[in-house]
Amino acid sequence: MRETWTLYESGPDGVSAGIWTCEIGRWRIAFAPRKHEYFFVLEGRLLLHDDEGGVTEVVAGQGAVIPGGFEGAFEVLEPVRKHFVVVER
């Protein structure tokens, strides 16, 4: 189960920000070339798996970036709550 609370959204420049929560699970993600996300984990633990075999762990108190064009998998190991900012330019 995933929930998103969008707290800010702008029209033409494609910026959104908010809070996102998710239960344990894993799924594929593929970001458009112009979509970038910065997030800060408030609770929980997750892994970002890129298609080249790299894995980045992000835990509560840490932030990370998912760059435009990223393809791989998003894996939630412990229920996550995060702040996010998405920019589409």
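May I ask which residue of G44, V55, Y8 lies farthest towards the positive end of the charge dipole of the chain, with charges of +1 (Lys, Arg) and -1 (Asp, Glu) on Cβ and the Cα centre as origin?
In the chain, that residue is Y8.
Longest segment of the chain with no GluC sites (Glu not before Pro) in a DSSP loop having at most 16 other Cβ atoms within 10 Å?
The longest such stretch corresponds to 53-89.
Give me the percent of the accessible area of the chain that comes from carbon and sulfur atoms, probe 1.4 Å, all protein chains in place.
Ligands and nucleic acids excluded, carbon and sulfur reach 52 percent.
Rounded to a whole number of µm²/s, how large is the Stokes-Einstein D of the chain at 10 °C and 1.306 mPa s, given Rh as the Kirkwood radius over C-alpha pairs?
Working: Rh = 13.2 Å.
The calculation lands on 120 µm²/s.
Residue separation times 0.36 nm, minus the C-alpha to C-alpha distance between R34 and L47: what's the value?
2.5 nm
Can you give me the accessible area per residue for the range 1-77, using a 1.4 Å probe, in Å²? Present the calculation step by step, with values, prior to reporting the outcome.
Working: 4570 Å² over 77 residues.
That works out to 59 Å² per residue.
Using only the heavy atoms of the protein chains and a 1.4 Å probe, how would L7, L48, L77 rank by accessible area, largest first?
L7, L77, L48
In debye, nearest 20: dipole of the chain around its Cα centre with unit charges on the Cβ of K, R (+) and D, E (-)?
Using only the charged Cβ atoms, the result is roughly 140 debye.
The values are calculated or read from the model by the stated rules, or taken from the named source; none is laboratory data. Note that this is a predicted model, so its numbers are computed, not measured. Positions of Cβ are generated from backbone atoms using ideal geometry, with glycine treated the same way; all protein chains shown enter the neighbour counts. SASA here: full protein model, heavy atoms, side chains in, ligands and nucleic acids out. Shrake-Rupley method; radii C 1.70, N 1.55, O 1.52, S 1.80 Å.
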